[in-house]
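I have placed the structure first, in the form of structure tokens, so that the comments after it can refer back to it.
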Amino acid sequence: MASPAPVILVVEDNPITRKMVRVALQSDGFAVHEAPDGRTALELAARVRPAVVIQDLKLPDIGGIELLECLRRLPGGADVPIIALTGYRPELEHARSATAGFTELLIKPVEPSLLLRVIRTHLPPPESIRERQGLGRRVLVVDDDPVQLKLTRAHLGAAGFAVTGARDGEEALEAARLALDSQEFLTAIRAPLGEPP
């Protein structure tokens with residue numbers, strides 16, 4: 001039995017842009033829910049639990065950063081990839097500095113193929129592939145951005161990897177030391193970059 005299509009929430013007040021995004025997503029097999037404003041977006045996000053949110057930064061009833069923060073506070077919202085769309089470069093710079101953290105930032109008009117590629121990178125692979133990908137493998141994720149660290153851990157964990165997270169190089173070295181025996185650790189540390197130990 002096939003898995004249900006991933007649900008994408010599109011938050012965009014411009015009906016033409018919203019339709020373009022919906023058509024691109026539906027043609028690629030995604031289930032799409034649309035919201036023309038922040039209030040509707042929050043209601044839909046709480047009800048349908050989207051796999052990914054695509055949101056405009058300029059909405060009629062709420063600012064893009066404020067909506068992002070509200071979405072992150074919903075149950076499960078901290079793990080949902082949220083992709084910002086904007087046609088205004090100053091908004092893009094402001095969004096980059098948001099502490100709540102957009103997963104991706106894209107400039108409108110966005111090519112449908114780029115949008116689909118970005119979405120696919122943030123979705124877990126199909127169940128059959130997921131089971132084989134990480135089975136028996138360990139991975140150490142190091143990122144000083146707590147949102148990105150959490151998203152990456154969730155993505156790799158869904159692919160079957162045993163994931164350890166670290167916020168900086170010192171934590172990473174300690175985690176590696178604890179995970180490996182002394183000889184493995186020394187061999188791994190001394191190996192040239194890009195080469196297996």
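Every read-out reported here was derived from the displayed coordinates using simple, explicitly stated rules and does not represent laboratory data. Keep in mind that this is a model prediction, so the values were computed, not measured. Positions of Cβ are backbone-derived with ideal geometry, glycine not excepted, and every protein chain shown enters the neighbour counts.
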Expressed in nm to one decimal, what extension gain is obtained for the pair Val139 and Ile16 from 0.36 nm per residue of sequence separation less their Cα-Cα distance? 40.0 nm
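Quick one: in the range 1-62, what % of C-alpha pairs are over 20 Å apart?
Summing the P(r) tail past 20 Å for the range 1-62 gives 23 percent.
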Give the lysines whose C-alpha is closer than 28 Å to that of Lys150, dropping any in the same chain fewer than 8 places away, or say none. Lys58, Lys108
When Rg is the radius of gyration of the Cα atoms in the range 7-121 and Rh is its Kirkwood radius, what does Rg/Rh come to? 0.91
What does the charge count near Glu174 come to, summing +1 for each Lys or Arg and -1 for each Asp or Glu among other residues with Cβ under 13 Å from its Cβ? -1
